[in-house]
1. Can you return the lysines within cross-link range of Lys67? Criterion is Cα-Cα under 17 Å, with same-chain partners fewer than 8 residues away left out.
2. Ignoring ligands, DNA and RNA, what percent of the 1.4 Å accessible area of the chain is carbon and sulfur?
3. Using Cα pairs closer than 8 Å and at least 6 residues apart in sequence, work out the relative contact order for the chain, in percent.
4. Say the dipole of the chain comes from +1 at the beta carbon of Lys and Arg and -1 at that of Asp and Glu; which of Asn238, His28, Thr147 then lies farthest toward its positive end?
5. Which whole-Hz couplings ³J(HN,Hα) result when phi for each residue of the stretch 189-205 is put into the Karplus expression 6.51 cos²θ - 1.76 cosθ + 1.60, θ = phi - 60°, listed in order with x for Gly and Pro?
6. Peptides 127-133, 45-51: what's the order by average Cβ count within 10 Å, highest mean first?
7. Mind ranking 203-210, 86-93, 105-112 by how tightly packed they are, going by the mean number of other C-beta atoms within 10 angstrom, highest first?
8. For the chain, with every protein chain kept in place, what is the accessible area per residue (1.4 Å probe, Å²)?
Amino acid sequence: MSKFTTWDGLELNYTEWPGEGVPVVLQHGIVADTNANWMSVGIVAALRGAGHRVISLDARGHGRSAKPHDPARYSWEGMARDVSALYDHLELDQVVQVGYSMGGVISLLVAGSDERVRRLVVGGIGCGVVDCGGIDWRAIKAEELVTAMQGETADTVMPGRMFRILADALGADREAIAAVATGINAAPIESLSGIKVPTLVLAGEADPFAAEPERLAEALPDGRCVTVPGDHLTATANPALHAALVEFLR
């Protein structure tokens, strides 16, 4: 684990594993962190088993990175700049960018603005990107997520309760997560036409936050889609998802 200072002075944590070829940079989803989204489910192991150099960023507000409680410190554009700032810090001239859920939207933004991205993988998102410009707030409203983080567990309802349970299980800073949800309550993606690189869309077949992922793949200039059994939390642990990711990067 290592630290670097990003564009606005926050100290962010990243973890790196040695390997060969173009580095694979991972960006997790909201509430999660490097361990929960990538290590514990076997994705890092699968990538390392295929020989890849792997780098995972704990997003601001998450994991071992700085966790301000001010929603003004969080925005889609700012979090995308964090990823590019990590490229700068590590002096990377080309990368494979991989993101899940919130990290998937961030990764789309990075791929649309940073020419160092040569391949892109996004998971846990679907037609919400096409219809809503980012996270599918039809599946869960940002206000519901904020309420889930700030209220009592017993008083929250699904799907917000799922994220509250995950936050408590991971020991996440719930006030920081509430600030993240408030800060990113926007539609950051107006067009996908600028993302020219080959892109893989991965989704669980029962994931309500990644409905109709094939529509997202079809909207990308060079997109393809793979679905696997599982929902938003379980699909990442499915060996079929790991295999699809490794095969795409082969």
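1. Counting by Cα, and skipping residues close in sequence, Lys67 has these lysines nearby: Lys3.
2. About 50 percent, which is the carbon plus sulfur part of the accessible surface.
3. Relative contact order comes out at 20 percent.
4. Asn238
5. Here the 3J(HN,Hα) series is 9, 8, 8, 9, 5, x, 8, 8, 6, x, 10, 10, 9, 10, 7, x, 4 Hz.
6. 127-133, 45-51
7. 105-112, 203-210, 86-93
8. The answer is 40 Å² per residue.
The values are calculated or read from the model by the stated rules, or taken from the named source; none is laboratory data. Note that the structure is a prediction, hence the values are computed from the model and not measured. Cβ atoms come from the backbone with ideal geometry, glycine included; neighbour counts cover every protein chain shown. These accessible areas exclude ligands, DNA and RNA; they are computed on the full protein's heavy atoms, side chains included. Shrake-Rupley method; radii C 1.70, N 1.55, O 1.52, S 1.80 Å.
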